[in-house]
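Q: Below is a structure I'd like to ask you about.
The values are calculated or read from the model by the stated rules, or taken from the named source; none is laboratory data. Given the structure is predicted, the values throughout are model-derived calculations rather than measurements. Methodologically, a virtual Cβ is constructed for each residue, glycine included, from the backbone with ideal geometry; neighbour enumeration extends over all protein chains shown.
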Amino acid sequence: MRPSKTLSWLALGGVALGLSACGGGAQEPTKDADGNTVIKYWHAYSADSPELKTLEGKVIPAFEKSHPGIKVESVPYPYDQLHQKLLTATAGGTLPCLVRSDIIWVPELAKLGTLAPLSDDMSDFDQIASKTYDGPLATTEYDGKNYGLPLDTNTRVLMYNQATLKKAGLSKPPATFDDMRKLADGLKGTGDYAFADNDTAGWNLLPWIWSAGGEMTNSDMTKATGYLNSPESVAGVQLLVDMYKQGEIPDIITGAKGGEETAVGLPKGDYASMLDGPWMFPIFESQNPDFKLETAMMPAGDGGSISVVGGEDVVMTSSCPSKGDAEEFVRFLLSDEAQKDMAEVGQMPVLSGMGSELTDIKPYYGIFAKQLETARPRPPHPEYPKIEAILRTEVQKAFTGDTSVQDALDSAAKQIDGILASS
């Protein structure tokens, strides 16, 4: 989904870490009055949302019709509560069989022993996984195994206001870092901003770091020094800091209160561009129907055009007493039928081969599908929320002028090294 709030399993005081992988012992299969196996499916679809209505009114009934003897019980929780609920249920042995999990929770839950490795348990895992985008699939990885399958996905692309670009003397959206600098120079003194974003978290910074050729850590996530503070990573963040100091990125990037939101500033023309996901299309359609939202790929640096993966994974708990039946629902959720049904209400599919079918459903899906070809996940590490908090805090010091970008990333890398070494 959208950038996740910084949540940590430490809310349980670390107690859950010492529990067995089965979450409190074996459970008996749940049966209804007719003897059907009941599979509980926890998720965070909001009440009365089109996604929930489609899941409960179309997807689940279609599955149950084609799989007599299996019933799926949809159990919604508010997003802000679901993470804590999963940790508490891990401690109490009251987990469901299946969960639609935020992608950054998966390695944490896998480390706790909450999840079953689908790459081991599902005989056709590789066949199903091969049909999904590489970036979303990578979000399910932990310690050499896959603890789920991508269920829905998104990424960030450049969204822009054509009139404001024209004011800067540009006829096309910025395709490179150099173009972003030209946009900033062209708007100097106009009162408009070249680019806007509302945080310095990984969701916001990693597209610039990766596109500059940088990295957050090494490939096995054991070291940040030499990667997060490399010349390439510094260059990605430096571009934004330079634009901010030039007055071409608004204060909301540092968390300043009272600033104009991106969804307000872009259609007004106050902001020339921003990075955001597919959910912005229905928002603009309802709030600014006269504004034509334009999109382009993430501006490319020396590393190419690389954005960040968002979305959710479907995972199976290690204590599920009906794994075979649960796997059947997982397969159905990844089927063309279910993926298309959910795509109709705005949940972007993870199947990479849908092609024109995808744009027939929502024409704007096309640019996101193209960006997903190179998009990457935030490091799938159990302590990622802590890592991200360090990045956010240190980089904000560079924006406010308290330190240089190099020193900020040196400090962040050193602190993150400590987390990686102790994990």
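Q: Does Lys53 satisfy the criteria of being at pLDDT 95 or above, within 18 Å of Val315 (Cα to Cα) and outside any loop (DSSP other than H, G, I, E, B)?
A: So Lys53 fails the test.
Q: I would also like to ask the following. Is at least one residue of the stretch 61-73 assigned by TED's automatic domain parsing to the domain that holds Ser319, surrounded by fewer than 19 Cβ atoms within 10 Å (Cβ to Cβ), charged (D, E, K, R) and closer than 17 Å to Gln347 by Cα?
A: The answer is no, given that none of the residues of the stretch 61-73 is assigned by TED's automatic domain parsing to the domain that holds Ser319, surrounded by fewer than 19 Cβ atoms within 10 Å (Cβ to Cβ), charged (D, E, K, R) and closer than 17 Å to Gln347 by Cα.
Q: Restricted to the stretch 307-331, and to residues that are part of a helix (DSSP H, G or I) and not aliphatic (A, V, I, L, M), which residue is farthest from His67 (Cα to Cα)? Even if it seems obvious, please write down each step before you answer.
A: Step one: list which residues in the stretch 307-331 are part of a helix (DSSP H, G or I), which gives 323-331.
If we keep only those that are not aliphatic (A, V, I, L, M) as well, we get 323-325, 327-329, 331.
Numbers: Lys323: 15, Gly324: 12, Asp325: 9, Glu327: 12, Glu328: 8, Phe329: 9, Arg331: 12 Å.
Among them, the one singled out is Lys323.
Q: So which of Gly191, Gly213, Gly259, Gly255 ends up being over 15 Å from Asn161 (Cβ atoms), surrounded by fewer than 18 Cβ atoms within 10 Å (Cβ to Cβ), over 21 Å from the mean Cα position of the chain (by Cα) and small (Gly, Ala, Ser)?
A: Gly259
Q: Of the conditions (1) small (Gly, Ala, Ser); (2) under 27 Å from Thr400 (Cβ atoms); (3) free of Cβ contacts under 8 Å to residues at least 40 places away in the same chain, Gly265 clears all except one; give me its number.
A: For Gly265, the failing item is (3).
Q: Select from the stretch 46-96 the residues that are touching a strand residue (DSSP E or B) at 6+ places or on another chain (Cβ under 7 Å), among the hydroxyl-bearing types (Ser, Thr, Tyr) and more than 20 Å from Asp34 (Cα to Cα) and list them in ascending order.
A: Result: Tyr77, single match.
Q: Within the stretch 137-151, track down each residue that is part of a loop (DSSP other than H, G, I, E, B) and buried (at least 17 other Cβ atoms within 10 Å of the Cβ). Even if it seems obvious, please write down each step before you answer.
A: Of the residues in the stretch 137-151, the ones part of a loop (DSSP other than H, G, I, E, B) are 139-140, 143-144, 147-148.
Hits for the stretch 137-151 are Thr139, Thr140, Tyr147, Gly148.
Q: Can you give me the number of residues within the stretch 339-381 that are part of a loop (DSSP other than H, G, I, E, B) and not hydrophobic (A, V, I, L, M, F, W, C)?
A: 17
Q: Then there's this: Show the residue pairs that are 6+ apart or on different chains and have beta-carbon atoms under 9 Å apart, the first residue being within the stretch 272-293 and among the hydroxyl-bearing types (Ser, Thr, Tyr), the second being part of a loop (DSSP other than H, G, I, E, B).
A: Listed by first residue and then by second, the contacts come to Ser273/Asn161; Ser273/Pro173; Ser273/Pro174; Ser273/Ala194; Ser273/Phe195; Ser273/Pro299.
Q: Considering only the stretch 221-237, state which residues are buried (at least 19 other Cβ atoms within 10 Å of the Cβ) and over 20 Å from Glu388 (Cβ atoms).
A: Ala235, the sole residue that qualifies.
Q: Could you say which residue among Asn204, Asn218, Asn161 is modelled with pLDDT of 95 or more, in the same structural domain as Gly277 (by TED's automatic domain parsing) and out of contact with any Gly (no Cβ under 8 Å at 6 or more places or on another chain)?
A: Numbers: Asn218 fails: out of contact with any Gly (no Cβ under 8 Å at 6 or more places or on another chain); Asn161 fails: out of contact with any Gly (no Cβ under 8 Å at 6 or more places or on another chain).
Being modelled with pLDDT of 95 or more, in the same structural domain as Gly277 (by TED's automatic domain parsing) and out of contact with any Gly (no Cβ under 8 Å at 6 or more places or on another chain) holds for just one of Asn204, Asn218, Asn161, which is Asn204.
Q: Just to be sure I understand, how many residues within the stretch 131-147 are out of contact with any Leu (no Cβ under 8 Å at 6 or more places or on another chain), farther than 14 Å from Asp102 by Cβ and not basic (Lys, Arg)? First the steps, then the outcome.
A: The initial filter retains those residues of the stretch 131-147 that are out of contact with any Leu (no Cβ under 8 Å at 6 or more places or on another chain), namely 134, 138-139, 141-145.
Keeping just the survivors that are farther than 14 Å from Asp102 by Cβ gives 134, 138, 141-145.
Then keep just the ones that are not basic (Lys, Arg); that gives 134, 138, 141-144.
Total satisfying the criteria: 6.
Q: Does Glu344 count as over 23 Å from Pro107 (Cα atoms) and either assigned by TED's automatic domain parsing to the domain that holds Thr139 or touching a His at 6+ places or on another chain (Cβ under 6 Å) (or both)?
A: Criteria met by Glu344.
Q: Residue under question is Leu170, and the condition is that it be more than 30 Å from Asp251 (Cα to Cα) and not in a helix (DSSP H, G or I); does it hold? Before you say what the answer is, go through the steps one by one.
A: Working: more than 30 Å from Asp251 (Cα to Cα): no; not in a helix (DSSP H, G or I): yes.
Answer is no for this residue.
Q: Another question about this same structure. Quick check on the stretch 358-407: of everything there that is touching a Leu at 6+ places or on another chain (Cβ under 9 Å) and free of Cβ contacts under 8 Å to residues at least 24 places away in the same chain, which residue is surrounded by the most Cβ atoms within 10 Å (Cβ to Cβ)?
A: Per the criteria, the residue is Glu394.
Q: Check Asp121, Asp134, Asp178 and return the single one that is out of contact with any His (no Cβ under 8 Å at 6 or more places or on another chain), more than 20 Å from Leu206 (Cα to Cα) and surrounded by fewer than 24 Cβ atoms within 10 Å (Cβ to Cβ). Outline the logic, then answer.
A: Details: Asp134 fails: more than 20 Å from Leu206 (Cα to Cα); Asp178 fails: more than 20 Å from Leu206 (Cα to Cα).
Just one listed residue meets the conditions, Asp121.
Q: If you don't mind, another one. Quick check on my filter: what residues within the stretch 56-100 are polar (S, T, N, Q), part of a helix (DSSP H, G or I) and within 26 Å of Ala110 (Cα to Cα)? Lay out the reasoning, then the answer.
A: Pass one, the stretch 56-100, residues polar (S, T, N, Q): 66, 74, 81, 84, 88, 90, 94.
Checking the rest, the ones that are also part of a helix (DSSP H, G or I) come to 66, 81, 84, 88, 90.
Selection gives Gln81, Gln84, Thr88, Thr90.
Q: Just give me the residues in the stretch 225-243 being farther than 16 Å from Gly304 by Cα and under 21 Å from the mean Cα position of the chain (by Cα), in sequence order.
A: The answer is Leu228, and nothing else.
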